[in-house]
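Input: a single structure, listed below in structure tokens.
The values are calculated or read from the model by the stated rules, or taken from the named source; none is laboratory data. This is a predicted model, so every value here is computed, not measured. Ideal geometry is used to build each Cβ from the backbone, glycine not excepted, and the neighbour counts take in all protein chains shown.
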Amino acid sequence: MHKYQIDEETLQDVINIETGILYPLRGFMGKEDYQSVVENYCLSDGEVFTLPITFDVVEEFYNKLESGSQIALIWEGRTAATLLVEDKFQITEEDLFKIFKTTDDKHPGVLKEKKRSRYRVGGLTKIVDMSFIENALNPVETERIFREKKWKTIVGFQTRNPIHKAHEHLQRIGLEICDGLFINPITGWKKKGDFTEEAVMAAYNKMIELFYPKDRVYLAGLKTQMRYAGPREAVFHAIIRRNLGCTHFIIGRDHAGVGNYYDAYDAHKLASQLEQRYNLGIELLLLHEPYYCKKCGQIVTDKNCSHYATDRVEISGTIIREYIAKGSIPNEIMLRDEIFNEILSVKQIFIGEKETQK
Ligand SMILES: [Zn+2]
């Protein structure tokens, strides 16, 4: 059997395949599935899937592999899983453009993908060391929790930021519509300058403690990397939450976007198109951006306020990050004081250079 050292993101993908978070995947994508996802937003059997999940290896190793070879996937000296090789292929820069709509190195998802080898290996994966999935979030567990809580409708909320007033607005809409709110922040790799997992979770724990109905909210982290792939990642995030037992999923403004690579509602457009073409198995709540309106004196959206842009105070994770990084206090119309103080109390607020190195 071949042996190959894997990185943390590859390990996490294998875990998420095993637990069913990445259903219907049962391993890393082969060429056919990969091409189909890149071109048509679905696997080769027609099942909707919007982001490639692939295994990259160095060229020398790639050349040794044949269909039917077995690879032991090694993490920190232990065999975490095995992969049965079905297929191998190379990806191109053209593919990256189709996935990210850019090949700019300044895009963190593109840069990360360019740093990987272009040689990819597809095939079934199997976790062999069960300690790797013991504490992993998994659909069996979340569905059991939702059943126990007697929730019939569950709205999933994706985030990589501590809660601010705009997200609070979206979540309260979710709580009006559904029995339960599943707050499921990404706790895998994020770009330098993003909030740490510690800051995000501390903020949410405080929010639940002080403001939300505790019996209607469930908070748990999702270990997977951010790809910053905007529209494609928005639908990918919805598929994951469907797999975790959610019936509804919120897609807001510029979901999983970064910089100015995607228009504010590109994710809504793609989601609507795919809803017409495929059965997503989850209802999408495509919600407009909440902002503070000085004339209305509250958080509103352009669907329920008639005032001009000059009356608006924008609220976003990026704006909050900038405030805190500069050492200034964000306005309470954006971020609750209790949440702000909680963020300041954590050991490390932002992800530094170290965490982004591989
Ligand atoms: Zn207004």
Return only the number of the condition from (1) aliphatic (A, V, I, L, M); (2) at pLDDT 95 or above; (3) under 14 Å from the mean Cα position of the chain (by Cα) that Ile177 does not satisfy. (3)
Every pair of residues 6+ apart whose Cβ atoms lie under 6 Å, when the first sits in the stretch 135-158 and is in the same structural domain as Cys178 (by TED's automatic domain parsing) while the second is at pLDDT 95 or above and aromatic (Phe, Trp, Tyr): Ile154/Phe146; Ile154/Phe182; Gly156/Phe182; Gly156/Phe249
Verdict on Thr310 being polar (S, T, N, Q) and over 20 Å from the mean Cα position of the chain (by Cα): yes
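If the requirement is being closer than 28 Å to Asp7 by Cβ, in contact with a helix residue (DSSP H, G or I) (Cβ under 7 Å, 6 or more places away or on another chain), in the same structural domain as Ser316 (by TED's automatic domain parsing) and surrounded by fewer than 19 Cβ atoms within 10 Å (Cβ to Cβ), which of these qualifies: Lys214, Lys192? Explain how you work it out, then say what you get.
On the way: Lys214 fails: closer than 28 Å to Asp7 by Cβ.
Just a single option satisfies the conditions, and that option is Lys192.
Listed here are the residues, each with its yes/no results for (1) under 17 Å from His237 (Cβ atoms); (2) of a type in the set (Val, Ile, Thr).
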{"position": "Leu11", "(1), (2)": "no, no"}
{"position": "Glu18", "(1), (2)": "no, no"}
{"position": "Ile21", "(1), (2)": "yes, yes"}
{"position": "Gly46", "(1), (2)": "no, no"}
{"position": "Phe49", "(1), (2)": "yes, no"}
{"position": "Glu59", "(1), (2)": "no, no"}
{"position": "Asn63", "(1), (2)": "no, no"}
{"position": "Glu66", "(1), (2)": "no, no"}
Would you confirm whether or not the stretch 339-358 contains a residue that is away from the ligand (no atom under 16 Å from the Cβ), touching a strand residue (DSSP E or B) at 6+ places or on another chain (Cβ under 9 Å), at pLDDT 95 or above and not in a loop (DSSP other than H, G, I, E, B)? yes
Let me confirm something: among Asp302, Asp254, Asp311, Asp266, which residue is closer than 18 Å to Ala166 by Cβ and crowded, with 16+ Cβ neighbours inside 10 Å? Asp254
Those residues of the stretch 235-268 that are without any contact (Cβ under 8 Å) to a residue 40 or more places away in the chain and within 13 Å of Val48 (Cα to Cα) come to a total of 0
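Conditions (1) farther than 11 Å from Gly156 by Cα; (2) of a type in the set (Phe, Trp, Tyr); (3) modelled with pLDDT of 95 or more, marked per residue:
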{"site": "Phe195", "(1), (2), (3)": "yes, yes, yes"}
{"site": "Ala199", "(1), (2), (3)": "yes, no, yes"}
{"site": "Ala202", "(1), (2), (3)": "yes, no, yes"}
{"site": "Pro213", "(1), (2), (3)": "yes, no, yes"}
{"site": "Leu222", "(1), (2), (3)": "yes, no, yes"}
{"site": "Pro231", "(1), (2), (3)": "yes, no, yes"}
{"site": "Ile240", "(1), (2), (3)": "no, no, yes"}
Within the stretch 104-129, the residues that are hydrophobic (A, V, I, L, M, F, W, C), crowded, with 20+ Cβ neighbours inside 10 Å and over 17 Å from Leu84 (Cβ atoms) are Val110
Would you confirm whether any residue within the stretch 269-280 is free of Cβ contacts under 8 Å to residues at least 40 places away in the same chain, more than 16 Å from the ligand (Cβ to nearest atom), in contact with a Pro (Cβ under 6 Å, 6 or more places away or on another chain) and not aliphatic (A, V, I, L, M)? no
Hits in the stretch 286-330 - residues which are over 30 Å from His248 (Cα atoms) and within 16 Å of the ligand (Cβ to nearest atom): Lys294, Lys295, His307, Tyr308, Ala309, Thr310, Asp311
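Of all residues in the stretch 65-101 being in a strand (DSSP E or B) and out of contact with any strand residue (DSSP E or B) (no Cβ under 7 Å at 6 or more places or on another chain), which is farthest from Asp129 (Cα to Cα)?
If we take residues in the stretch 65-101 being in a strand (DSSP E or B) and out of contact with any strand residue (DSSP E or B) (no Cβ under 7 Å at 6 or more places or on another chain), then Trp75 is farthest from Asp129 (Cα to Cα).
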